[in-house]
Amino acid sequence: MLDLQFVRDNLNLVEDKLRERGLNAAEVLRDFREIDARRRQAITETETLKATRNARSDQIAKLKKTGQDATALINETKQLREKIQQQEKSADEYDTGLRQLLEGIPNVPHSSVPVGKSPEDNVEVRRWGTPPQFAFTPKPHWELGEELGIVDLERAVKLSGARFALYWDLGAKLERALAHFMLDLHTTEHGYTEVLPPYLVNSDCLYGTGQLPKFASDLFRVPHGDKDLWLIPTAEVPVTNIYRDEVLDAARLPISLTAYTPCFRSEAGSYGKDVRGIIRQHQFQKVELVKFAKPEGSYDELEKLTGHAEAVLQKLGIHYRVVVLCTADMSAASAKTYDIEVWLPGQQLYREISSCSNFEAYQARRANIRYRPEGKSKTDYLHTLNGSALAIGRTWVAIVENFQQKDGTVLIPEILRPYMGAERVRPRRF
């Protein structure tokens, strides 16, 4: 969420940035100016009435002290009290209206973000490695998975419905190995602290990271007594909210946390997309990186975090590219996002495997996460960042498609072999 004073002082800039995102500024901001003006007027009138009431109270005291009749002033004071209550109620209503408007305004894109109208306007910034060359036509992972007996989508439908997967044997073990490898890499080489958060969170958590109230249809809600709990769509939600309503000392920043969790998404707006295989699932596993940083250092931390996610693919030996998302393709909460896209030879395309974002103070303001700068008594909002490092299911897909062999087997990347206890995936039936 943006700061009210910032929006008020920079309304033309906010309107321009909304248009750069491809949004109708008038629809997003609606009657912001009018509500803001009325709120300030109500506050001013309240303060004026309070001053008048206080003056009348002093006059009443003086009249009573000299034995004079103060009835008229007492009646006037009662009327003033009623008017004050009415004005305070109006100010509260306008304040609520302003907050609802602010909740719907997306973050202001960083000046380095390219302006664009669609994902086609994203800008590639670098590549690593080269696509593998095959002496045969490479297959997509859904064919390989079925032939190898390592993923079973038909039985998953029987268990849960569409967009779920059942993994067998080395298919299941590959998921587990990837999680262990990623956590070991990020904790031992990159300096992150591992956490294991709850998989069900309250509504405040999802409000803090920006999923609620706007994106409720993308989530799985679990009624729990007189309140709702929600299955987490990403570990970003519980991990970012660890410090909700807290003030951190600047000396502790940046704080770098990593977590492995399942993730649950209804994919309400994606029916018809990626219906084959395990690219877009209702449940998938992911290792997440989350950072809490000082504002002046947050973009350096974004570059580091993105590099940490890239390191996973480099150690696995999988070709990828990094693109910076344009204004129209970023999430509402992000100020800048890099997508890491892995090459999938069985489908002959690049597929997003990680999004690494700097949210600046947008989430911190919603979740009330502050820090105290060195030598200052006043607190300020810190910056939050996160990124997948990586989405395990899509990494599984990348390994199966990139390391497939002519005989139908799949080689295990060397760095994973100690975790797998195997060098190759061979066909089996269950």
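So which of Leu196, Leu174, Leu170, Leu183 ends up being out of contact with any Asp or Glu (no Cβ under 8 Å at 6 or more places or on another chain), in a helix (DSSP H, G or I) and closer than 24 Å to Ala235 by Cα?
Leu174
Among the residues of segment 13-44, those that are open to solvent by 70 Å² or more (accessible area, probe 1.4 Å) and under 16 Å from Gln86 (Cβ atoms) comprise Arg38, Gln41, Thr44. For segment 218-290, the strands (runs of 3 or more DSSP E) that sit wholly inside it and include 2 or more residues that are open to solvent by less than 60 Å² (accessible area, probe 1.4 Å) and at pLDDT 95 or above are 227-231, 255-264. Count of segment 318-353 residues, restricted to those that are under 30 Å from Leu102 (Cβ atoms) and either modelled with pLDDT under 95 or open to solvent by 40 Å² or more (accessible area, probe 1.4 Å) (or both), is 3. For the subset of segment 189-232 comprising residues that are over 19 Å from the mean Cα position of the chain (by Cα) and small (Gly, Ala, Ser), which member is farthest from Asn107 (Cα to Cα)? Once the filter is applied, the top-ranked residue is Gly225. Of all residues assigned to segment 141-151, at least one qualifies as being outside any helix (DSSP H, G or I) and either more than 21 Å from Lys286 (Cβ to Cβ) or at pLDDT below 95 (or both).
Considering segment 152-203, the residues that are buried (at least 17 other Cβ atoms within 10 Å of the Cβ) and among the acidic types (Asp, Glu) include one that is nearest to Phe284 (Cα to Cα), namely Glu175. Residues of segment 374-422 that are among the charged types (D, E, K, R), more than 20 Å from Thr137 (Cβ to Cβ) and touching a strand residue (DSSP E or B) at 6+ places or on another chain (Cβ under 7 Å): Asp380, Arg394. Taking the criterion of being crowded, with 17+ Cβ neighbours inside 10 Å and either among the polar types (S, T, N, Q) or on the phi > 0 side of the Ramachandran plot (or both), the residues of segment 204-217 that qualify are Thr209, Gly210, Gln211. Just one of (1) surrounded by fewer than 21 Cβ atoms within 10 Å (Cβ to Cβ); (2) within 30 Å of Val14 (Cβ to Cβ); (3) modelled with pLDDT of 95 or more fails for Lys315. It is (2). Figure legend. Inter-residue proximity from segment 9-36: first residues within 19 Å of Thr337 (Cβ to Cβ), second residues β-branched (Val, Ile, Thr), beta-carbon distance below 6 Å, spacing 6+ or different chains. Indicated pairs: Lys17/Val108; Leu18/Val28; Glu20/Val115; Glu20/Thr327; Arg21/Thr327. Counting only strands (runs of 3 or more DSSP E) that fall entirely inside segment 298-398 and contain at least 3 residues that are of a type in the set (Ser, Thr, Tyr), the qualifying elements are 349-358.
The values are calculated or read from the model by the stated rules, or taken from the named source; none is laboratory data. As the structure is a prediction and not an experimental result, all values here were calculated from the model. Neighbour counts run over all protein chains shown; Cβ positions are idealised from the backbone, glycine included. Note: accessible area is taken over every heavy atom of the protein model, side chains too, but ligands, DNA and RNA are not part of it. Shrake-Rupley method; radii C 1.70, N 1.55, O 1.52, S 1.80 Å.
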